[in-house]
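The values are calculated or read from the model by the stated rules, or taken from the named source; none is laboratory data. Everything numeric here is computed off the predicted structure, so don't read it as measured data. Don't worry about glycine lacking a Cβ; one is built from the backbone with ideal geometry, like all the others, and counts go over all protein chains shown.
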Amino acid sequence: MEPLLPGIAGPKDLKKLPLSKLEQLCAELRDEIITLVSRSGGHLGASLGVVELTVALHKVFSTPTDKIVWDVGHQAYVHKLLTGRRERFGTLRSKGGVAGFPKQSESPHDMFGVGHASTAISAALGFAVARDTEGRDNSVIAVVGDGALTGGLSFEGLNNAGQIGTNMIVILNDNKMSISPNVGAISKYLTRITSGKHYVRLEADVWDLLGKIPHGSKAQKMAGRIKESLKQLVVPSILFEELGFKYYGPLDGHDLPLMVKTLKAVRKLKGPILIHCITEKGKGYRFAEEDGQRYHGVGKFDKAEGIKVVPPDVPSFTSVFGETLVGLAEKDERIHGITAAMPTGTGLTQMRDRCPGRCHDVGIAEGHAVTFSAGLASDGQRPVVAIYSTFLQRALDQIIHDVALQNLPVVFAVDRGGVVGEDGPTHHGVFDYTYMRMIPNMVVMAPRDEDQLRHMLATGLARTDGPSSIRYPRGSGLGVSCEGEPTPLPIGTSETLTEGEDLCILAVGSMVSQAVEAADILAKSGLSVEVVDMRFIKPLDEDALDSVWNRHRLVVTVEENSLAGGFGAAVLEWAAQTAVGRPQVLNLGIPDAFQEHATRGELLDDLGLTGPGLARRIQIALEQRSGGSRAQSAS
């Protein structure tokens, strides 16, 4: 059988294939994704689940004229393969290669960039209104991963779309999974509707009819099936039609002829349409079908044997956080762990297993997670909110308005701080020093190693007069010993790691170890370098800064955060208001630009935020010092 995929250079080639050939194409697409992701790593399960749906979309609609907007963008691998990127797909998520998410600059077929969930319906409505404004008649389709409907933004979009009433299609890809199994899902909300008078009356009429059937196991089984069918038929329709959508489904999202037929039928219908598809995450690859959570996002693996779980030699920051939190929670029943659809990613699985009543996965709803925690704290509990840095951005108003303004003792465990690698700019956590330190009452910490993380968690939980933020990176710790009980640190204190006379490096978090390495390199050229682990971005250790300012002609700040408003900016603000001495200040960190996807090591090397990179940039600054200004920022 001659392969079809090599002949698909774009959607027009797909349209030439008869329906009878599309099943073969789907099989080839699955094999291609499994093969390439096994070599590069990436998001596997979600894309395997939407093969037939994506083929049907490109068979019926014509991008880029028709607008397909993806939600939870890791569903889009099949879309990328069908829209001219197959030849380059082996570069997936590598430096300079194909991005792991839809990206407007990569292809005209990628209508809207996305790495965070729940955005597609709102964006698609924008496309639809723009079309109406210009008098065009193209179709607009939002493909929503089911986990995205745990986010409030999706319902804001549904509500507004129903109000406007313009032509658009929302496809709900329902695989009962987002990353971890869905919680607080629509099905639980819909339970309330089944108690409504119309549904109850209909159910009562049917049961009255069934009561006339002679008793027996066969009749009772029939009654149960009819009841479930009624619920499936009536309940989803009620919800979405009340929001102004015509509802179709649930449909088998893997039945390609059915999906093509349905999309053709609804394409010309007026008003908002919602098509509910049932799919299987990881479809077509046994390992992914059996363990959708593990195969959601993967590193390189053996295609034939699947992922081999090898315990790391050094525990990750995340696992140390999780172990420390559950240990503290078992001693203090006021402690709660809260996450937003990421219990595994944030290390809360141990707490979920050992303290289930105090571990809360709220779904893809970061804003709710923070305000929920504010409510807990207001009534004497001690919540710890564990959310990735890039996702916590979505809850900034709640952090300010609901937590900090009321000075509540909520601890924010900000995982994946800094550049995170192959997922790219939507996932780099390089803004949290900035947005956390600008908030009154907030204490902002960053551990240099996994043991210090333990003590900072104890510090945040010991604080009763306001919120605290602890930011730590992705990946393994430094391998330091984590013995003894975690004990609170004095807030706003630093630690001098090496003494030196020629210059001082002030470092925070993940950059402390790099600063120590840079000092060792510079020592080989005869420079005496002081290294201070500042530990606290807010409040700063002003006594330590006074001492440094009076003794050094060059002060270097190093952070894995945006230079705009970050740690270095905080030091300069302090100096402008209080310092007497006049050393030159060199700020090193993330420049004012979004960082693309590459490995974490490649990104840090490009940014000059490794030990050798820091040493090189400091040497350049020393050579230029005689003609340099008092303060400069280096990207």
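List of remarks:
- Among the candidates 435, 388, residue that is modelled with pLDDT of 95 or more, of a type in the set (Ser, Thr, Tyr) and under 24 Å from residue 40 (Cα atoms): 388
- Residue in the range 319-331 that is in a loop (DSSP other than H, G, I, E, B) and either closer than 30 Å to residue 409 by Cα or in the same structural domain as residue 14 (by TED's automatic domain parsing) (or both) present: no
- The number of residues in the range 573-604 that are of a type in the set (Val, Ile, Thr) and either surrounded by fewer than 19 Cβ atoms within 10 Å (Cβ to Cβ) or not assigned by TED's automatic domain parsing to the domain that holds residue 545 (or both) comes to 3.
- When residue 485 is tested against (1) surrounded by fewer than 24 Cβ atoms within 10 Å (Cβ to Cβ); (2) in a strand (DSSP E or B), just one condition goes unmet, and that condition is (2).
- Residue in the range 279-288 that is under 22 Å from residue 32 (Cα atoms), part of a helix (DSSP H, G or I), assigned by TED's automatic domain parsing to the domain that holds residue 43 and among the aromatic types (Phe, Trp, Tyr) present: yes
- Residue check, residue 570 among the hydrophobic types (A, V, I, L, M, F, W, C), within 30 Å of residue 94 (Cβ to Cβ), touching a residue at least 60 places away in the same chain (Cβ under 8 Å) and surrounded by 15 or more Cβ atoms within 10 Å (Cβ to Cβ): no
- Single unsatisfied condition, residue 523 versus (1) surrounded by fewer than 21 Cβ atoms within 10 Å (Cβ to Cβ); (2) touching an Asp or Glu at 6+ places or on another chain (Cβ under 8 Å); (3) free of Cβ contacts under 8 Å to residues at least 60 places away in the same chain: (2)
- Of the set (1) crowded, with 24+ Cβ neighbours inside 10 Å; (2) within 22 Å of residue 495 (Cβ to Cβ); (3) of a type outside the set (Lys, Arg), all apply to residue 479 but (1).
- Of all residues making up the range 101-139, the number that are among the hydroxyl-bearing types (Ser, Thr, Tyr), outside any helix (DSSP H, G or I) and either surrounded by 21 or more Cβ atoms within 10 Å (Cβ to Cβ) or in contact (Cβ under 8 Å) with a residue 24 or more places away in the chain (or both): 4
- The criterion of at least 1 residues that are within 28 Å of the chain's Cα centre (by Cα) and of a type in the set (Phe, Trp, Tyr) is met, among strands (runs of 3 or more DSSP E) falling completely within the range 526-573, by 536-538.
- Residue within the range 47-55 that is in a helix (DSSP H, G or I), polar (S, T, N, Q), in the same structural domain as residue 17 (by TED's automatic domain parsing) and farther than 20 Å from residue 172 by Cα present: no
- Within the range 385-413, tally of residues that are touching a strand residue (DSSP E or B) at 6+ places or on another chain (Cβ under 8 Å) and of a type in the set (S, T, N, Q): 2
- Within the range 34-65, considering residues that are among the hydrophobic types (A, V, I, L, M, F, W, C) and surrounded by fewer than 22 Cβ atoms within 10 Å (Cβ to Cβ), the one modelled with the lowest pLDDT: 36
- Count of residues meeting criterion [within 17 Å of residue 244 (Cβ to Cβ), in a helix (DSSP H, G or I) and hydroxyl-bearing (Ser, Thr, Tyr)] in the range 140-173: 1
- Qualifying residue in the range 414-435 (condition: surrounded by fewer than 23 Cβ atoms within 10 Å (Cβ to Cβ), closer than 21 Å to residue 535 by Cβ and out of contact with any strand residue (DSSP E or B) (no Cβ under 7 Å at 6 or more places or on another chain)): yes
- Any chance residue 465 is assigned to a helix (DSSP H, G or I) and either free of Cβ contacts under 8 Å to residues at least 60 places away in the same chain or touching a His at 6+ places or on another chain (Cβ under 9 Å) (or both): no
- If you check 281, 308 for being of a type in the set (Lys, Arg), touching a His at 6+ places or on another chain (Cβ under 8 Å) and either under 26 Å from residue 387 (Cβ atoms) or without any contact (Cβ under 8 Å) to a residue 24 or more places away in the chain (or both), only one passes: 281.
- Selection within the range 68-95: residues that are assigned to a loop (DSSP other than H, G, I, E, B) and without any contact (Cβ under 8 Å) to a residue 60 or more places away in the chain. The member of this set that is surrounded by the most Cβ atoms within 10 Å (Cβ to Cβ) is 76.
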